[in-house]
1. Kindly identify segment 259-393 as rounded, prolate or oblate by the Cα gyration tensor criterion: order the square roots of the eigenvalues as a ≥ b ≥ c, call it rounded if a/c is under 1.5, otherwise compare a/b with b/c, prolate if a/b is larger, else oblate.
2. Taking a virtual spin label 7 Å from the Cα of Lys539 along the C-beta vector, which residues in segment 242-272 bring their backbone nitrogen under 13 Å of it?
3. In whole Å, largest first, what are the principal axis extents of the Cα atoms in segment 164-284?
4. Under unit Cβ charges (Lys, Arg +1; Asp, Glu -1), what dipole magnitude, rounded to 20 debye, does the chain have relative to its Cα centre?
5. What whole number of Å gives the distance from the Cα centroid of segment 491-559 to the Cα centroid of segment 47-113?
6. Choose one of Gly123, Gln541, Gly33: the residue whose Cα lies farthest towards the positive end of the charge dipole of the chain (beta-carbon charges +1 Lys, Arg; -1 Asp, Glu; about the Cα centre).
7. Of His81, Thr216, Thr286, which is farthest on the positive side of the dipole of the chain, counting Cα position, with +1 on Lys and Arg Cβ, -1 on Asp and Glu Cβ, and the Cα centre as origin?
8. Output the direction-averaged projected area (hull surface divided by four) of the convex hull of the alpha-carbon atoms of the chain, in nm².
Amino acid sequence: MMAAAAVAGLVSAAQAASPTTVYTNGQVYTPGGWQTAFAVRDGRIVAVGSDAEVRKAAPGATQVDLASRTVLPGLYDMHVHPVLQAKGGEGSCRISPDLAPKPFLAAVTECANTQPEGGWVTGGQWQSSVLTGTPITAATLDAATPGRPALLFDVSGHSLWVNSRAMAIAGITRDTPNPEGGIIERDAAGNPTGILRETARDLVLKHVPPQSQELTQAALRKNLDLLLSYGITGYVEAMAFRDDLEVYDALYDKGQLKQHVQACIAYSHAGHVNPDLDATIAAIPTYTRDRFKPTCVKVFADGVPTDSHTGAMLAPYEAGQPNAPAKGLLLFDPATFQPRMAEWDRKGLNVLFHAAGDAAVRASLDAIAYVRKVNGPNGPMHQVGHETFVDPADMSRGKALNAALEFSPYLWDPQPINDDITMAVGAKRIERVWPIKEGFASGALVVAGSDWAVIPEPDPWLGIETAVTRQNVGGSARSFGPNEAITVEQAIRMFTINAVTRMGLDKELGSIEAGKRADFIVIDKNPFKIPPTQIHGIKVQQTYIDGAVVFDRSGTAGK
């Protein structure tokens, strides 16, 4: 039996010795049930079955002993922001939102002292429910970051906490109006407090100097390697501008982009339609590569249903929020947006909606319904993302409209953000939070997205476990929406075949079958044979794309 560290090295030798490699003695997850072996030639799977069957089908092939390890198709993250993280969009001061107020602010000061003198202090993440009793105001942040401009993102990424120096640079005063789609929070006297919601963040963010494209390329390459280490062989880049497409192409042309990536071009910027949107869409052929396709448009339908009250809800929020509308913010006008979306649909572009509140989900589905009515039912599959809350009346619409329902299982692990959501909408609505079980029952295509770098790590095994348990990682008495728990099989499906179906790649990828491209992962534990509370501990040993090792935990790939 072969040690795990030797697998990749043997594969490299095998490919030099024979055009076909047979992998035996494994637990191979296939659409037809568990098998023990499969064969790969020229980057494709050519046979699947028992050890004896596959050896017979590929005589003379080089043999690789999987040592009883489990093989799954490559995983897909259908809503992730690796280029935003690479651009420093989440800031350089990364602080745990679980810290109590005093240690949190002390950590901000400590990080600020490491930044270039006089420069911006940027980072996060803060959590209002954890900072209870401490004013989340510019004055509080002033004390932690004296003499320099500072901004901190909250855990959702949709709210910004800034200090007085940052507001002065941005020219934010009591007379500054709320931008379209945004909120400048104000105290009882009408003065800005230092909290900026949604598009109001851009009043400050536009003053932060951007980093060079060279630094972004280097950081994105590290992020790509991180995703490969988790077994992620493809993903949807959930928001990209034209300069981001240039970064991706540069990495691809250097042979450094291995995954299958669809990038979604940003529809809006700073509360207005992205001024470069049409030109970027027209240039899609220029940026298209074999495994990189910028053929998607990202649309924010709303904000988030936390203390910000910017998620668009059908019923009013329960907690008081004097600066926000009672039912949150819908960030597009259906009358003007729907015909625009129909144009994209005719061009074959997918649309990815950010839709957290049930009113935003409905508005997104309404837009898809409009497109199907004017363009017919056979256009590209559009994706409604996050879906923290979905009205029962809308659950059946996904299948009828050929729309993918995307959920964020990484957030189900009961975290502080869930306390904010509960306080905002009330315990009754939490019973159906992230209704993924209902999504599967509806027959719609269900997929999963991490939303990293909003979350600490894009680890799909955390998402798979908490989708099944709806508890803290490792199990807990506390739960979040337990009635919406799903099975391990459903969780694996939404990270594999369902994801590639949404990307239009299901004839080529997403399952271990003869004829498909050889994208697969070797993992140290079988998620179907261990307690669900242990799934988070699964480690990827090797990740393969087109039959080649692109990640090897032993560090011997390519040697």
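Values in this text are rule-based calculations from the coordinates and carry no lab data. Note that the structure is a prediction, hence the values are computed from the model and not measured. Neighbour counts are summed over all protein chains in view; Cβ atoms, including those assigned to glycine, are modelled from backbone coordinates with ideal geometry.
1. Prolate, since a/c reaches 1.5 and a/b exceeds b/c.
2. From segment 242-272, the list is empty.
3. Between the extreme Cα coordinates on each principal axis of segment 164-284 lie 56, 32, 25 Å.
4. On the way: 49 positive and 58 negative charges, 205 e Å.
Computed about the Cα centre, the dipole is about 980 debye.
5. 11
6. The residue sitting farthest along the positive end of the dipole is Gly33.
7. After comparing all options, I get Thr286.
8. 25.1
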